[in-house]
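Colleague: Take this structure first; my questions come after.
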Amino acid sequence: MPEHRSENRWSDERLLDELATAMRAAEEIPREVVESARAAFAWRDIDDELARLAYDSEVDGEPAEALTRSESAPLRAMTFVCRSLTIELEVADDALIGQVVPSQVADIHVRVLSGVAATVRTDEVGGFAIRPIPDHPFHLQCRTSDGVSVATSWITL
């Protein structure tokens, strides 16, 4: 059996002290920095084509104060476009309702900071529904059957 030198071994107390120091250091990192780092890691698939936000009814629509009491607020609608396809998205009461244009079957991955929250498959006309609505920042990654991979920017509802 090989001999161990005592100077190369850590005592239990020293190990616990080092772990406590590391844990305190991690707690001191601002939450925004941690979230940004997780978002950067989640965006590690650089082969995805980025679909830019071309329309957001919350920004481009009528201001809410322009509505009268008898009018209900419209659904929030967003359109993401890129060279390969368009992703249309509406926020309903209990789901995100979307469509991939041109119509095709594709897998839609709902990515949150901690990874993939859900995956849904579009129907033959490109329609899909995501339930429940993510309550944290997320982005969509669309992978078509012919290998095209498109990701939206991060969305906060």
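The values are calculated or read from the model by the stated rules, or taken from the named source; none is laboratory data. These numbers were taken from a predicted model, which means no experiment stands behind them. All Cβ positions, glycine included, derive from the backbone under ideal geometry; neighbour counts span all protein chains shown. Just the protein is used for accessible areas: all its heavy atoms, side chains included, with ligands, DNA and RNA removed. Shrake-Rupley method; radii C 1.70, N 1.55, O 1.52, S 1.80 Å.
Colleague: Can you check what the net charge comes to around THR79, using other residues whose Cβ is under 14 Å from the Cβ of THR79 (Lys, Arg +1; Asp, Glu -1)?
Modeller: Here the count lands on -3.
Colleague: Hey, can you find the accessible area per residue of the stretch 102-149 for me, probe 1.4 Å, expressed in square angstrom?
Modeller: In whole numbers, the stretch 102-149 has 51 Å² accessible per residue.
Colleague: How charged is the neighbourhood of GLN104? Take every other residue with its Cβ under 13 Å from the Cβ of GLN104, and add Lys/Arg as +1 and Asp/Glu as -1.
Modeller: Every neighbour counted, the sum reads -2.
Colleague: What nm value, rounded to one decimal, do you get for the distance between GLU124 and VAL148 when each label is placed 7 Å out toward the C-beta?
Modeller: Placing both labels 7 Å along Cα→Cβ, they lie 2.0 nm apart.
Colleague: Would you please give the residues with an amide H less than 5 Å from that of ALA51, counting only those at least 5 places away or on a separate chain, with H modeled from the backbone geometry?
Modeller: ALA151, THR152, SER153
Colleague: Now for a separate question. Report the rotationally averaged projected area of the stretch 93-157 based on its alpha-carbon convex hull, in square nanometres.
Modeller: The number I arrive at for the stretch 93-157 is 4.2 nm².
Colleague: So if we plug the beta-carbon distance of TRP10 and GLU32 into 1/(1 + (r/R0)^6) with R0 = 25 Å, what FRET efficiency do we get, rounded to 0.05?
Modeller: After rounding, the FRET efficiency stands at 0.15.
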